[in-house]
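Right, one structure below, let's go through it.
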Amino acid sequence: MKYFILYFLPVFCLGQAELRIGEWRNQIPYNNGVHITQSDNAIYYATDLAILRINKSDFSLSRISRTEGLSGSRINAIFFHKPSQTLVIAYSDGLIDLMTSSGTEAIPFIKIFNNVPISKNINSISLRDDNSVFISADFGLVSLNLITKRVDFTVFTEKVKVVNTISFQDSYYMATSQGLYVLTPSVSNLIEDFSNWHQFDFSEGLDPNMTYQQVMVYENQVLVLQSNEILRLNGQKFESFWDIQDFTFNNASTDGPDLIVSMKYNFNNDNKLFILKKGSGWTDLGGECVVDNLQTLQEPNGRLWLADKRNGFRYLDDLQSQCKIITVEGPYNNNTFKLYSFSDGIYVTSGGWDETYTYLYRRDGIFTYKSRVWDFVNYSNNDFFRDNNIQDVLSAYELPDHSKIYYTSYQNGLIEWSRATGEYKLYDNKNTGGVLGNAVGDATRVRLTGLDYDSKSNKLWIADYLAARQLVSLDKTGNWASYAIPFSGQILDVAVDHNGYKWLVFRDGLAVFDDRNTPSTSDDRFIALNTSNSNLTTNLVYNVTIDIEGDVWVGTAAGPVIFECGSSIFDGNCKGTRRKVDQNGIIGYLLETEEVLCLAVDGANRKWIGTRNGLYVQSPSGEFQINYFNTDNSPLLSNNIFSLAVNNNTGEVWIGTDRGIQMYRSDATSAKDFFVNEPLVYPNPVTSDYKGPVAIKGLARDARVKITDLSGRLVFETFANGGQALWDRKDYLGNEVSSGIYLVFANTVKDYDKSDGAVTKLIITR
């Protein structure tokens, strides 16, 4: 046997264009494809969330996800049916997509089939004939006709899980969790009755109690895979075809001219590919290219494609060639805890905790999205993270002068990064004079959860979970201080309002602290807020967000509570308010049945509220719903929204879900109270092929905008959302305006003769 040393050659990268207003884009990892299939022209890799199409001739790439038409977001299996030119996509909930050149059609027959007694999980899809595919599932076997979009038959196999199925010489073979079954032509009209399927037994060379991983056809013979042996059907009995010691099979492929078998060494994580070429013996292939290999596919020309959970899609032009990698822009993985919009891009922390606030031991570090390019910093590419074994990074804060970013680790302490030098520094119990305290009952760890910055005192405030003194500050000169909290509780987060008050989120409530910006602790003020002394209806508080006006929005398990208090919060007279809203003619409290998992404020002071049932967009006061997004009415990957970040320069809203990260381009940007520069119109000129709205950017906050033709006739009038206004290119009567030059007038107040304003031009061509 031959062993080939393989080398990595990084190759392709897929960039991303700017989003238009109202558009969505998934920001999910595309570099760990675990399912693979092929057409005559393309290779299809599927991750858990999306599909990457790779053109065989020029290696050009196309993303396929919810924003490109997929109906689901957790892919279990894919298969390209060449006779009908259909890509069949199966999801974990039983939903099936049929994708052709004319579009995508969802087939929900398994998803909605409520009488299935066990899991609807789909294990594989395979060819039946020119019209149909086999769908092998935990509950049985389905034949789906791709022409009629109807089910030909369903075989319920009780508690026997069907792994995969093939058609060969008018017989059907079904590999299952309990042996191998066959249906011969003599009983094919009784196919739906599982009792008519024959189970091979010991007398026929197979163990009826064994899980068979795969059944296939190679050189006109039926082969079946078990743990470390391949058997073939010889007449009426199976006999050994090939076995190997100390290895376990992952999968096998007969798509190309050779039999390709992937297997894992039992005593370490090494993988190998074993290739059987027609007319010759076995050849083994090892090295970095086949580590963690899950599925393998071979093109007719001999090129090998390898699917695994590592970074990049691997392929070999032939067995003697070097390993090549196709990389695609995307986050490191889907382990997203919180999203942040900082001065140079989006930052993602990847740590977390479970339902008991136990750490997850995640070493994925920090992901960044800068200039439309993803990057990451963690143990795999950074000495600091590796040497200090940095795990479970939770929160982040960028200093107002952009010089440093601070991160909290749920295990290691406080991480400081200098933008000027690119260097990292770790603060823990040892180098802070014990101010950062080790967790009580967990003496080896400094478990920091949240942080925020007080611009009045130039102090960073940090939540030190389970420490003896759970509130810590760090000033600009490097001085550390800790503060005793006069009541019990375990602190999870801290937010600083416009008055410099620190709002503290606990596991069972909320508190406010004022250090009065003095070194003395004798004048410090604390107040605890709970269901007994405020309008909180639950002590389960998830987050605190400060809006543009300085109001404090508290996200709870029973909707938001707003504190518009100022200094009166410490008098005990400010109880907070719950907004009353009209919900289909019924007056109730805003989102009172929803868990507010996260909340963000855009440039127009609108509230973006993430829940377990989708994303709500409310007016600045919260009294009116502007929009509502869920998986049924939008490309959202999941209704479980646990993190939000708004880039107020662009209007992009970043959405963290349990299925991945997404972007949505809103119509609001940040603004000042006066005009700084001439407004920017985009696009300008507006050409005939452009279908979206015209955006007028760089306006003063909530500016009034009027658009006229050159004669001075008023065409359109509106107000900005924050610093941006939109025009649909229609006049007051709803008619499309004609080609020409238009003038855009913007002012801060209604009186145009006395206020601050700006004028610019807009060209429309048709």
Note to self: Looking at 440, 393, can you tell me which residue is within 14 Å of residue 363 (Cα to Cα) and not charged (D, E, K, R)?
What the structure shows: 393
Check: So which of 389, 381 ends up being assigned to a loop (DSSP other than H, G, I, E, B) and modelled with pLDDT under 95?
Finding: 381
Next item on the list: Could you list all residues from region 608-625 that are closer than 26 Å to residue 70 by Cα and out of contact with any Phe, Trp or Tyr (no Cβ under 8 Å at 6 or more places or on another chain)?
Entry: 611, 612, 613
Next item on the list: For residue 471, state whether it is under 11 Å from residue 414 (Cα atoms) and out of contact with any Cys (no Cβ under 7 Å at 6 or more places or on another chain).
Entry: no
Notebook entry, point to check: Of all the residues that make up region 733-766, how many are modelled with pLDDT under 85 and over 41 Å from the mean Cα position of the chain (by Cα)?
Noted result: 9
Note to self: Based on this model, can you work out whether residue 347 counts as outside any loop (DSSP other than H, G, I, E, B) and either without any contact (Cβ under 8 Å) to a residue 60 or more places away in the chain or surrounded by 18 or more Cβ atoms within 10 Å (Cβ to Cβ) (or both)?
What the structure shows: yes
Notebook entry, point to check: Checking residue 236 against (1) over 26 Å from residue 39 (Cα atoms); (2) in contact with a Phe, Trp or Tyr (Cβ under 9 Å, 6 or more places away or on another chain), which single condition isn't satisfied?
Noted result: (2)
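For residue 212, are the conditions met, namely being touching a Leu at 6+ places or on another chain (Cβ under 6 Å), buried (at least 17 other Cβ atoms within 10 Å of the Cβ) and in contact (Cβ under 8 Å) with a residue 40 or more places away in the chain? Quick ask: steps written out before the conclusion?
Details: touching a Leu at 6+ places or on another chain (Cβ under 6 Å): yes; buried (at least 17 other Cβ atoms within 10 Å of the Cβ): yes; in contact (Cβ under 8 Å) with a residue 40 or more places away in the chain: yes.
Yes.
Check whether at least one residue in region 703-711 is on the phi < 0 side of the Ramachandran plot, touching a Pro at 6+ places or on another chain (Cβ under 9 Å) and without any contact (Cβ under 8 Å) to a residue 12 or more places away in the chain, and report yes or no.
No, region 703-711 contains no residue that is on the phi < 0 side of the Ramachandran plot, touching a Pro at 6+ places or on another chain (Cβ under 9 Å) and without any contact (Cβ under 8 Å) to a residue 12 or more places away in the chain.
Considering every residue within region 289-299, establish whether at least one is touching a His at 6+ places or on another chain (Cβ under 7 Å), closer than 24 Å to residue 311 by Cα and at pLDDT below 90. Working first, answer last.
First pass over region 289-299, keeping only residues touching a His at 6+ places or on another chain (Cβ under 7 Å): 295.
From the residues that got through so far, the ones that are closer than 24 Å to residue 311 by Cα too are 295.
From what's left, at pLDDT below 90: 295.
Yes: one or more hits.
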Margin query: Can you tell me which condition residue 100 does not meet? The list is (1) at pLDDT 90 or above; (2) surrounded by 20 or more Cβ atoms within 10 Å (Cβ to Cβ), and all the others hold.
Written below: (2)
Next item on the list: Go through (1) in contact (Cβ under 8 Å) with a residue 60 or more places away in the chain; (2) in contact with a Lys or Arg (Cβ under 9 Å, 6 or more places away or on another chain); (3) not in a strand (DSSP E or B) and name the single condition residue 474 misses.
Entry: (3)
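Tally the residues that are assigned to a strand (DSSP E or B) and more than 39 Å from the chain's Cα centre (by Cα), restricting the search to region 700-715. Break it down stepwise before answering.
Restricting attention to region 700-715, the residues satisfying the condition of being assigned to a strand (DSSP E or B) are 704-709, 714-715.
Now drop any that are not more than 39 Å from the chain's Cα centre (by Cα), which leaves 706-709, 714-715.
Total satisfying the criteria: 6.
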Notebook entry, point to check: For region 541-573, which residues satisfy the criterion of being over 15 Å from residue 512 (Cα atoms) and among the hydrophobic types (A, V, I, L, M, F, W, C)?
Noted result: 548, 557, 558
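Condition check ((1) surrounded by fewer than 19 Cβ atoms within 10 Å (Cβ to Cβ); (2) under 22 Å from residue 340 (Cβ atoms)) across all residues:
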| residue | (1), (2) |
| --- | --- |
| 450 | no, yes |
| 454 | no, yes |
| 464 | no, yes |
| 470 | no, no |
| 508 | yes, no |
| 529 | no, no |
| 550 | yes, yes |
Item checked: The one condition in (1) within 28 Å of residue 577 (Cα to Cα); (2) without any contact (Cβ under 8 Å) to a residue 60 or more places away in the chain that residue 632 fails to fulfil -> (1)
Check: Out of (1) surrounded by fewer than 20 Cβ atoms within 10 Å (Cβ to Cβ); (2) of a type in the set (Asp, Glu); (3) touching a Gly at 6+ places or on another chain (Cβ under 9 Å), the odd one out for residue 355 is which?
Finding: (3)
Check: Counting residues that are under 30 Å from the mean Cα position of the chain (by Cα), which strands (runs of 3 or more DSSP E) fully inside region 542-595 reach at least 3?
Finding: 552-556, 559-563
Check: Given the conditions (1) part of a strand (DSSP E or B); (2) more than 31 Å from the chain's Cα centre (by Cα), and given that residue 134 satisfies all but one, which numbered condition is not satisfied?
Finding: (2)
Checklist line | Failed item in (1) buried (at least 19 other Cβ atoms within 10 Å of the Cβ); (2) under 23 Å from the mean Cα position of the chain (by Cα); (3) in a strand (DSSP E or B), with residue 375 passing the rest | finding: (1)
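Taking region 5-46, which residues are of a type in the set (Val, Ile, Thr) and modelled with pLDDT of 85 or more? Give the derivation first.
Within region 5-46, the subset of a type in the set (Val, Ile, Thr) is 5, 11, 21, 28, 34, 36-37, 43.
Listed by number, the residues that qualify are 21, 28, 36, 37, 43.
Would you tally the residues in region 554-575 being in contact with a Ser or Thr (Cβ under 6 Å, 6 or more places away or on another chain) and surrounded by fewer than 20 Cβ atoms within 10 Å (Cβ to Cβ)?
Taking region 554-575 and keeping what is in contact with a Ser or Thr (Cβ under 6 Å, 6 or more places away or on another chain), we get 556-558, 562, 574-575.
Narrowing the set further to residues that are surrounded by fewer than 20 Cβ atoms within 10 Å (Cβ to Cβ) leaves 557-558, 562, 575.
Matching residues across region 554-575 total 4.
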Check: Could we say that residue 279 is at positive phi and assigned to a loop (DSSP other than H, G, I, E, B) here?
Finding: yes
Note to self: Return the pair list, or none, for Cβ contacts closer than 8 Å from residues in region 426-441 that are in a strand (DSSP E or B) to residues that are among the acidic types (Asp, Glu), at least 6 apart or on different chains.
What the structure shows: 426/416; 427/416
Note to self: Here are the criteria: (1) exposed (fewer than 14 other Cβ atoms within 10 Å of the Cβ); (2) polar (S, T, N, Q); (3) in contact (Cβ under 8 Å) with a residue 24 or more places away in the chain. Tell me which single one residue 250 does not satisfy.
What the structure shows: (1)
Checklist line | First in region 393-414 and outside any strand (DSSP E or B), second anywhere and of a type in the set (Lys, Arg) and crowded, with 19+ Cβ neighbours inside 10 Å, Cβ under 7 Å, 6 or more apart | finding: 410/447; 411/445; 411/447
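Results for (1) touching a residue at least 40 places away in the same chain (Cβ under 8 Å); (2) closer than 29 Å to residue 672 by Cα; (3) in contact with an Asp or Glu (Cβ under 7 Å, 6 or more places away or on another chain), shown as yes or no for each residue.
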{"site": "534", "(1), (2), (3)": "yes, no, no"}
{"site": "541", "(1), (2), (3)": "no, no, no"}
{"site": "558", "(1), (2), (3)": "no, no, yes"}
{"site": "599", "(1), (2), (3)": "yes, yes, no"}
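The values are calculated or read from the model by the stated rules, or taken from the named source; none is laboratory data. Small disclaimer: the values here were computed from a predicted structure and weren't measured. Note that we place each Cβ from the backbone using ideal geometry, even for glycine, and neighbour counts take in every protein chain shown.
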